[in-house]
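Read through the structure below, which is laid out as structure tokens, and then see the notes.
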Amino acid sequence: MKINKLTALAAAMVLGVTAFSGCGKQKEKATLELNMDNSWRSEITLTGVSHSAMFSVEKNMLCYKSKPNGEEEFVLYDLKNGGYKRFLSETSESLVGAERLSCVPIRLPDGNVGIINMVFQGMGGGEFDIHRRTMDVYDTEMQFLETREIPTDFWGDQYFYGISNALDSKGNWYCADYDRETTEPILTVYNDKFEAYGEIELPSRAYLERLFTGADGMVYGFASTWDTAGELEVFKVYRFDAEARTCEDIGLYTPRANVFATGTQGYNFYYSNPDGIYGVKDDESTLVVSFINSDFSSGSIREFYPMENGDFVLLETQSKRYWYATPRSQEEIDSTKLISLAAVNLSRDLEEAVIDYNRAESGYRIVIKDYSEYNTMDEPYLGYDTMKKDMLDGIVADMICTEGVNFESLATKGLFADWYKLMDADEEFDRSDYITNFFEIHEYKGKLQRLGVSYSIQTSAAKTRYVGDTQGLSLGERMDVPLPDGMDRFLYYPSDIMAPIYMKNLQTGCIDPKTARCCFDSPEFVKFLEFLNAIPKSDRYYEGDYQRAGDNSWKEDQILFYDFEITQPIDLHAVYRATFFDEETTLTGYPMVWDEGNGGVFETPFTVSINAQSGEKQAIWDFMKHLLSEDYQKHLTDSMPVHEGALEYKLNEAEHMNGATVGEYPSVIQIGEMKEWETDLLRDYIHGIRTCQYYDTKMYTILMEEAEKMLAGDQTPEEAAKMIQSRVSIYLSEQS
């Protein structure tokens, strides 16, 4: 059995680590060895292509293009010269009598292209039904050849989905479905005349996610397999033979794969996952494109299309841009200065910023060392421990993301440079242009040793007539608010689901950031544990036992506190308008034991520290200064700007969002533009925040271990609070 050890393979081929003290400045002692094998560059962007490209035909990309009336049509996009060529034949019989036409292309065994058409006719009332199915055939120049009629019973009454069918080299069609009563998977085989002549028996509880054809002309299936308890076991790849009616497990077990495609360059097929694109030959996989140090975001490749010459066209989900990808040359690798970036579970925001920087070709290239490759099912935090150990041993990258690692224990060793010194030495940079309390919150011993460039705001709200107009209620004050009959204090979940949510938040609320003292044994915290302990766990929790949130739960006084996040200014208006329906509301904030600020909490997508020994501080600052620029900050989509000018731009933008809505159909609420008093409130609230949420894996583990003992009945809330206080106090003293 050939098991594909993807994590180990990616680690070995992307970054070989001995030791380093900043790869920008070489030292006599050990340095980071950076292997740029499988690093690819983006050659061109395909502009104007919709998100529904299909595959390459010669040197063209077969894809959809939007027409002026909003409909889409098939076109050929010239990959070399740009431009489109329409090819769908007006003489095709498929178009006769069609009120609507849905098309799916497929490669035929003779190299021609078949366009499967579902011809719809109106049934009245805006409803349509499939009238007939046809297949238009085009040659490799996309010249129309003929229309073939497809029997209406082909593949039953189902639509013809690209992920659920494939065609082998002998012209046999494989169509995946499932039994409507037993939910067991079905794989039906049809001949080249669309006539069903058998089924292939699939393993029980193996759900086919995608069918695809290999370069060997055989059809393969990517399947998720489940045990008798309904738990996901592993993803497998099967090979099918229509004539022998066989289903063969080829021994390729993969993590969740995104896309499969017919192979080129000697590979039978390709597949992708967040690590990269793998080529499969003789049922063994090899990493071909490594996303982590190529010009493509590791988690956002929606589709990829192999070219005959071995290149790829890649589609990014977020940007919806197509990139033509080619291998990076050795000459380019040798002439590029490298800046190392170490992280565990690298933030998508930072990863995309790095990709944009690398595409700009400044002469530098940021190369990522992702320590999450060390994580295992048994040791999910091993990556954090490994990165911290390396750093304490003097193995420090040029840039470091310290989320999840206790920052203070590393900062006290003098490992990090002060960002303030770089800011103040730059005549083009003025700290007063920024939300200074955001920087101040991140200070450690008067130095800014970690730098964030954006944030979301974590807070909560409640009706003023119940809580008054004071912002920043403590945990005790939140627990002591008198409740009228029929009202619950919080939106309840089972206690074992609520515990991890609140334990993460209380890491911030129960620790004084200035003195590193904690108060988990306070009466307020004990009272909260008693409240948590009284809620049933998942196996004893039944719908209806506790109030579940509905659209009007807060409006109708069924729940008091509403916890929410602000990632864009309009989010605050949405809460006032769609949750509390314009009733006077107070931002009560998250519970803080230490009386600091207004209860709001900054949560940053990432913070970056700079190695005090790095020789590339200026290049690193240039990168971070770009992320702090007003223009960059204006275009943030999922977080709030640090730049004051960009914040004003966002606030003004929110006041003119006349078509703003929240909710999903049919419960869509028109909320309109944000009011001026709301933007004033949000501006003041941002400047009054004095807390930033950090996630420390060790501390979170301590809180959860003791909370779980309490929920299991092994200790009382008072005993759990004392144990948490003792263990966290020892941990904090060890870090300082």
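Going through (1) at pLDDT 90 or above; (2) touching a strand residue (DSSP E or B) at 6+ places or on another chain (Cβ under 9 Å) one by one, ASP684 falls short only on (2).
When GLU209, GLU243, GLU248, GLU233 are checked against the criterion of being in a loop (DSSP other than H, G, I, E, B) and either open to solvent by 20 Å² or more (accessible area, probe 1.4 Å) or in contact with a Cys (Cβ under 7 Å, 6 or more places away or on another chain) (or both), a single residue qualifies: GLU243.
Considering region 317-335, and only residues there that are buried (at least 18 other Cβ atoms within 10 Å of the Cβ) and in contact with a Phe, Trp or Tyr (Cβ under 7 Å, 6 or more places away or on another chain), the residue that is nearest to ALA619 (Cα to Cα) turns out to be ARG328. Would you point out the residue of region 132-147, among those that are among the hydroxyl-bearing types (Ser, Thr, Tyr) and open to solvent by 10 Å² or more (accessible area, probe 1.4 Å), that is nearest to ASP110 (Cα to Cα)? Among them, the one singled out is THR140. Residues in region 390-443 that are among the charged types (D, E, K, R), in contact (Cβ under 8 Å) with a residue 60 or more places away in the chain and farther than 23 Å from MET640 by Cα: ASP390, ASP393, ASP398, GLU408, ASP426. Residues in region 564-586 that are farther than 19 Å from VAL467 by Cβ, of a type outside the set (D, E, K, R) and assigned to a helix (DSSP H, G or I): ILE570, HIS573, ALA574, ALA578. Only one of the listed residues (VAL367, VAL313, VAL288) is out of contact with any Pro (no Cβ under 8 Å at 6 or more places or on another chain), modelled with pLDDT under 90, in a strand (DSSP E or B) and open to solvent by less than 50 Å² (accessible area, probe 1.4 Å). That residue is VAL313. Screening MET36 with (1) at pLDDT 70 or above; (2) outside any strand (DSSP E or B); (3) open to solvent by 20 Å² or more (accessible area, probe 1.4 Å) gives one miss only, at (3). When each of ASP216, ASP275, ASP282 is tested for being without any contact (Cβ under 8 Å) to a residue 40 or more places away in the chain and open to solvent by 10 Å² or more (accessible area, probe 1.4 Å), the lone residue that passes is ASP282.
When the test is whether a residue is open to solvent by less than 30 Å² (accessible area, probe 1.4 Å) and in a loop (DSSP other than H, G, I, E, B), SER609 does not pass it. Screening region 410-466 for residues that are of a type in the set (Lys, Arg) and open to solvent by 10 Å² or more (accessible area, probe 1.4 Å) and picking the one that is farthest from LYS389 (Cα to Cα) gives ARG465.
With a requirement of 3 or more residues that are of a type in the set (D, E, K, R) and either free of Cβ contacts under 8 Å to residues at least 60 places away in the same chain or open to solvent by less than 30 Å² (accessible area, probe 1.4 Å) (or both), the helices (runs of 4 or more DSSP H) lying completely within region 648-736 that satisfy it span 676-688, 697-711. Taking (1) modelled with pLDDT of 90 or more; (2) assigned to a loop (DSSP other than H, G, I, E, B); (3) open to solvent by less than 20 Å² (accessible area, probe 1.4 Å); (4) of a type outside the set (Lys, Arg) in turn, LEU483 satisfies each apart from (3).
Okay, residues lined up against (1) farther than 30 Å from MET723 by Cβ; (2) modelled with pLDDT under 90; (3) open to solvent by less than 70 Å² (accessible area, probe 1.4 Å):
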| position | (1), (2), (3) |
| --- | --- |
| ILE511 | no, yes, yes |
| PRO523 | no, yes, no |
| LEU532 | no, yes, yes |
| LYS537 | no, yes, yes |
| GLU543 | yes, yes, no |
| ILE570 | yes, no, yes |
| ARG577 | yes, no, yes |
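If we scan region 633-643, do we find a residue that is among the polar types (S, T, N, Q) and surrounded by 19 or more Cβ atoms within 10 Å (Cβ to Cβ)? Yes, region 633-643 contains at least one residue that is among the polar types (S, T, N, Q) and surrounded by 19 or more Cβ atoms within 10 Å (Cβ to Cβ). Examine region 590-601 for a residue that is buried (at least 19 other Cβ atoms within 10 Å of the Cβ), modelled with pLDDT of 90 or more and in a helix (DSSP H, G or I), and state whether such a residue exists. Among the residues of region 590-601, not one is buried (at least 19 other Cβ atoms within 10 Å of the Cβ), modelled with pLDDT of 90 or more and in a helix (DSSP H, G or I), which makes the answer no. Look at region 70-89: where a residue is among the polar types (S, T, N, Q) and a partner is at pLDDT 75 or above and open to solvent by less than 90 Å² (accessible area, probe 1.4 Å), sitting 6+ places away or on another chain with Cβ atoms under 7 Å, you get SER89/ASP136; SER89/PHE144. The single condition among (1) at pLDDT 85 or above; (2) crowded, with 18+ Cβ neighbours inside 10 Å that GLU373 does not meet is (1). Residues of region 178-231 that are acidic (Asp, Glu) and under 19 Å from TYR278 (Cα atoms): GLU209, ASP216. LEU448 - would you say it is of a type in the set (A, V, I, L, M, F, W, C) and without any contact (Cβ under 8 Å) to a residue 60 or more places away in the chain? Here the answer is yes, as LEU448 does meet what is asked. Anything in region 360-378 that is farther than 21 Å from PHE606 by Cα and either in contact with a Ser or Thr (Cβ under 6 Å, 6 or more places away or on another chain) or of a type in the set (Val, Ile, Thr) (or both)? List them, or say none. Listed by number, the list holds a single entry, THR376. Listed by first and then second residue, the pairs with beta-carbon distance under 6 Å, at least 6 apart or on different chains, first residue in region 355-375 and closer than 14 Å to ARG328 by Cβ and of a type in the set (Val, Ile, Thr), second assigned to a strand (DSSP E or B) and open to solvent by 10 Å² or more (accessible area, probe 1.4 Å), are VAL367/LEU34; VAL367/LEU338. Against the definition (at pLDDT below 90 and open to solvent by less than 30 Å² (accessible area, probe 1.4 Å)), how does SER495 come out, yes or no? Criteria met by SER495. The residues of region 381-400 that are assigned to a loop (DSSP other than H, G, I, E, B), open to solvent by 10 Å² or more (accessible area, probe 1.4 Å) and modelled with pLDDT of 85 or more, listed by number, are ASP393, GLY394, ILE395.
The values are calculated or read from the model by the stated rules, or taken from the named source; none is laboratory data. If you're wondering where the values come from, they're calculated on a predicted model, not measured in any experiment. Ideal geometry is used to build each Cβ from the backbone, glycine not excepted, and the neighbour counts take in all protein chains shown. The accessibility values were calculated without ligands, DNA or RNA, using every heavy atom of the protein model including side chains. Shrake-Rupley method; radii C 1.70, N 1.55, O 1.52, S 1.80 Å.
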